[in-house]
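Read through the structure below, which is laid out as structure tokens, and then see the notes.
The values are calculated or read from the model by the stated rules, or taken from the named source; none is laboratory data. This is a predicted model, so every value here is computed, not measured. Neighbour counts are summed over all protein chains in view; Cβ atoms, including those assigned to glycine, are modelled from backbone coordinates with ideal geometry.
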Amino acid sequence: EETAGGAARASEREGDAGWGAEAEAPEAFFDVLVVGCGLSGCTIAERCANELGLKVLIIDKRDHVGGNCYDYVDEKCAIRRSMYGAHLFHTKHERVWEYVQRFSEWIPYEHRVRGRVMRDDGKPVTVPIPPTRETVNKLFDEDVRTDAEMEAWYGRERKLPPNGDPPANGEEAALARVGERLYEKVFRHYTKKQWDKEPKELDASVLQRLPCRVTADDRYFSDPHQALPRRGYTRVFENMLTSNDLITVRLECDYFELLRRGKFPRRAFTVYTGPIDGYYASLGMPRLEYRSLRFEEEYINDTPADSENGYFFQEAMVVNYPGADVDYTRIVEYKHTPNQPPGRKDRPGTVIVREYSSDVGEPYYPVPTSKNRELYEKYAELAAREPHVAFVGRLASYKYFNMDEAVLNALEMFDNLKEKGVLAVKR
Ligand code: UDP
């Protein structure tokens, strides 16, 4: 088993220390420069090399590949965990599912989330999220037993916008789906903690990410394919990048620093996957908001064998805390995933990670407000006029892509560049 960082860490990779002659004039050696080794960058790099025979240089300022999907086996507890928060792969897109399976074996895994919620009488309960009849029964002393009864319950609770208008913001979206009481218990404070904005200030789409069902189905996602890579996400990225010798990876390599030093002339074709406003920082336009996360980890060695949950701290990989009583949004216990080292679940010891939302730190989420959307459009207009640069991915497109949407978008961007003749077969 790989240890912390594994082979994907710059310091452990052979030959990463010295750039060769190509450092002096990369455009003479490479056909395409890809900035960022996350899902979008790696997908484009892999396609450029394997479908078109292009020589690709892919760089990242971090010392590892995989972007925010990066995971590793933590030496302190022998548990595979993510460095930047839980990543659950799920997709309904057959093209994406077929594509990702080229780089790993995947273990089916249906994600289920629980929420620790305070009832009005002050008693804490643990309930399914997204809400099911069990959630409603436990929280409000209801006795909902069938899909039809659940539908009727929602019918009484829901508050639809007047005149049949679609919900204009996050709050209206939540009220239209679940009504006042569930909104208050499960969505309102969580959303405020996550975005540091009132749901009213956010686009309706954010609050529509979670499914809203009347059935007893308590899965977090409804997609037909839900799985985790057997040897972790990092291995998937390594397999993508080593699938063809035409791909060169350079880590701890800051694009803007290299530009300043005249290493990458802007005429070299570039796929840029970083924040789009960072690319245009020198123009002095207002910056886009990105939400970040802060993680507080705790190792627990004596998870008791006879506790209700066996050798676990909590009953699910993710337990949400949607109340205003604690500042964190959720606690993640990676030990629950099916791609742990063999036998790991049957031994004591675990690591849990409390997740706090933050406005400082690495960018994770675009913040879906109308102000940001309008500002992004201005950046997008500039981007559309760049003949030698394609902007791809969550940060460059300023879109709240799920993992599979990032892959699909990168594949489609690649198709598009190919059709337009920007990228053409070389070898
Ligand atoms: N959300 C909520 N309560 C929850 C879970 C989610 O209010 O217990 C809302 C919240 O606004 C959040 C959004 O749903 O930002 C999307 O949640 P998701 O779990 O999809 O966020 P991610 O996993 O991408 O951080």
- Note on the structure: How many residues of region 286-299 are more than 16 Å from the ligand (Cβ to nearest atom) and either buried (at least 18 other Cβ atoms within 10 Å of the Cβ) or at pLDDT below 95 (or both)? The answer is 1
- Query: Out of all the residues in region 85-100, is one or more surrounded by 24 or more Cβ atoms within 10 Å (Cβ to Cβ), farther than 14 Å from residue 242 by Cα and under 14 Å from the mean Cα position of the chain (by Cα)?
  - Reply: yes
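What number of residues in region 317-343 are over 26 Å from residue 189 (Cα atoms) and either polar (S, T, N, Q) or free of Cβ contacts under 8 Å to residues at least 24 places away in the same chain (or both)?
Start the filter on region 317-343 by keeping residues that are over 26 Å from residue 189 (Cα atoms), which leaves 335-343.
Among the residues that remain, those that are also either polar (S, T, N, Q) or free of Cβ contacts under 8 Å to residues at least 24 places away in the same chain (or both) are: 337, 339-340, 342-343.
Result for region 317-343: 5.
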- Task: For region 201-231, name all the residues that are within 12 Å of the ligand (Cβ to nearest atom) and surrounded by fewer than 18 Cβ atoms within 10 Å (Cβ to Cβ).
- Result: 205, 208, 209, 211, 212
- Among residues belonging to region 148-176 that are closer than 26 Å to residue 371 by Cα and among the aliphatic types (A, V, I, L, M), point out the one that is farthest from the ligand (Cβ to nearest atom). 160
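Test residue 354 against the criterion of being outside the structural domain of residue 87 (by TED's automatic domain parsing) and either modelled with pLDDT of 95 or more or not in a loop (DSSP other than H, G, I, E, B) (or both), and give yes or no. Full working, then the answer.
Numbers: outside the structural domain of residue 87 (by TED's automatic domain parsing): yes; either modelled with pLDDT of 95 or more or not in a loop (DSSP other than H, G, I, E, B) (or both): yes.
When the stated conditions are applied, residue 354 passes them.
Yes/no matrix, rows are residues, columns are (1) within 20 Å of the chain's Cα centre (by Cα); (2) without any contact (Cβ under 8 Å) to a residue 60 or more places away in the chain:
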site: 375; (1), (2): no, no
site: 378; (1), (2): no, no
site: 397; (1), (2): yes, no
site: 401; (1), (2): yes, yes
site: 406; (1), (2): yes, no
site: 415; (1), (2): no, yes
site: 420; (1), (2): no, yes
site: 424; (1), (2): no, no
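Each row is one residue, and each column tells you yes or no for (1) surrounded by 14 or more Cβ atoms within 10 Å (Cβ to Cβ); (2) within 15 Å of the ligand (Cβ to nearest atom); (3) not polar (S, T, N, Q).
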site	(1), (2), (3)
318	yes, yes, yes
321	yes, yes, yes
325	no, yes, yes
330	yes, yes, yes
336	yes, no, yes
339	yes, no, no
343	no, no, yes
351	yes, no, yes
360	no, no, yes
- Message: I want to confirm something. Restricting to region 369-427 and keeping residues that are among the aromatic types (Phe, Trp, Tyr) and assigned to a helix (DSSP H, G or I), which single residue is farthest from the ligand (Cβ to nearest atom)?
- Response: 414
- Going through region 114-133 in order, the residues found to be within 16 Å of residue 157 (Cβ to Cβ) and not aliphatic (A, V, I, L, M) are 120, 130, 131, 132, 133
- Per the filter on region 178-187, residues within 11 Å of the ligand (Cβ to nearest atom) and more than 22 Å from the chain's Cα centre (by Cα) are 178, 182, 183, 184, 185
